[in-house]
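Report on the structure given below.
The values are calculated or read from the model by the stated rules, or taken from the named source; none is laboratory data. This one's a predicted model, so the numbers in the text were calculated from it and none came from an experiment. As a convention, Cβ positions derive from the backbone with ideal geometry for all residues, glycine included, and neighbour counts pool all protein chains shown. Each accessible area value is taken on the protein alone, full model and side chains, heavy atoms only, with ligands, DNA and RNA left out. Shrake-Rupley method; radii C 1.70, N 1.55, O 1.52, S 1.80 Å.
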Amino acid sequence: MIKKLQKNITDCSIGVLGFRGNLLTEVLDKNEITNYTTLNDVSEITNDFDFIFVSGYYRIIPEDILEKPKYGIYCFHESPLPEGRGHAPIQWSLLNKRNNLTISMFKIDKGVDTGLLCYQYNVPIGKMDTYKILENKRQIGLQECFKSFLDEVKEGVIVLREQSGLGNYQPKRSPKDSELTKKNYSINDLWESIRMCDNENFPAFFKINSKKVILKYEVTDDCE
């Protein structure tokens, strides 16, 4: 589906929502698109907006609000949609042994990560990539994905396509999922389980003698 814009993107009224919104405004600024407003909540979305761009907002947006912006509300998800809808996309990318962290930009509809796709951008996952490194790659990939979308919009069109293939939903992970158990029987298995853990918020741990032992890791180039 190709939708034509009735005015230049620089003349459009844009809203940016979510705690990663600064990543989007950086790209807008670099593209000399300055007619944007930073929003704190979906209640601030009105019919006056042409576009709303969202990153880092984890609440369901009501259907009546989705219909307010002229060209819709768009967000990002770190999986090759329709695969990997739902929660914890970085961790599930590692668990599913994907070679890339895929940033999918899509137009939000009433489903969960089911909207029409605008663009997908792949960031390679290295064997020694930690959660922190992948979080940085997520940010870089998100900005590159958004930039590619804006390049098309500058030409006066929005290109949207249906998600194709078998979709699946990844369940939410909890702090308990950071526990190292006997199933992690080799160094390689341990590393795969450790590197997806967030040192600050959900560190790896194991239990012994009724005690919880918390592990925090660091990767260096010193192999001596």
- Message: At 7 Å along Cα-to-Cβ for each site, give me the label-to-label distance between K30 and L166 in nm.
- Response: 3.8 nm
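Under a 1.4 angstrom probe, counting protein chains only, how are D64, D50, D221 ranked by accessible area, largest first?
D221, D64, D50
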- May I ask which of K137/K216; K182/K211; K137/K212; K97/K216; K132/K154; K7/K68 have a Cα-Cα span longer than 24 Å here? K137/K212; K132/K154
- Item | Degrees, to the nearest 10: 21-30 long Cα axis against longest axis of the chain | 50 degrees
- Query: Using a 1.4 Å probe, what is the accessible area per residue for the stretch 22-105, in Å²?
  - Reply: 46 Å²
- Of the GluC sites (Glu not before Pro) in the stretch 43-83, those whose Cβ has at most 13 other Cβ within 10 Å and which sit in DSSP loop: E67
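Going from most exposed to least, what order do H77, H87 have by accessible area with a 1.4 Å probe?
Greatest to least solvent exposure: H87, H77.
What does the helix-only formula give at 222 nm for the chain: each DSSP H stretch with n ≥ 4 adding -39500 (n - 2.57), the total divided by the residues, and the result rounded to the nearest 500 deg cm²/dmol?
So the calculated ellipticity at 222 nm is -7000 deg cm²/dmol.
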- Task: Just read off the accessible area of M128 with the full protein assembly in place, 1.4 Å probe, to the nearest 10 Å².
- Result: 110 Å²
- Query: Quick one, which of [x] 145; [y] 136; [z] 113 is the actual volume of the Cα convex hull per residue in Å³ calculated for this model?
  - Reply: [x]
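What do you get when you divide the Cα radius of gyration of the stretch 50-114 by 2.2 N^0.38 Å, with N the number of residues?
So the Cα radius of gyration is 1.19 times the expected 2.2 N^0.38 Å.
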- Message: Give me, ordered by chain and number, the residues 5 or more places off G86 or on other chains with an amide H under 5 Å from its own placed amide H.
- Response: Q170
- Accessible-area value, I52, 1.4 Å probe, nucleic acids and ligands omitted, Å²: 0 Å²
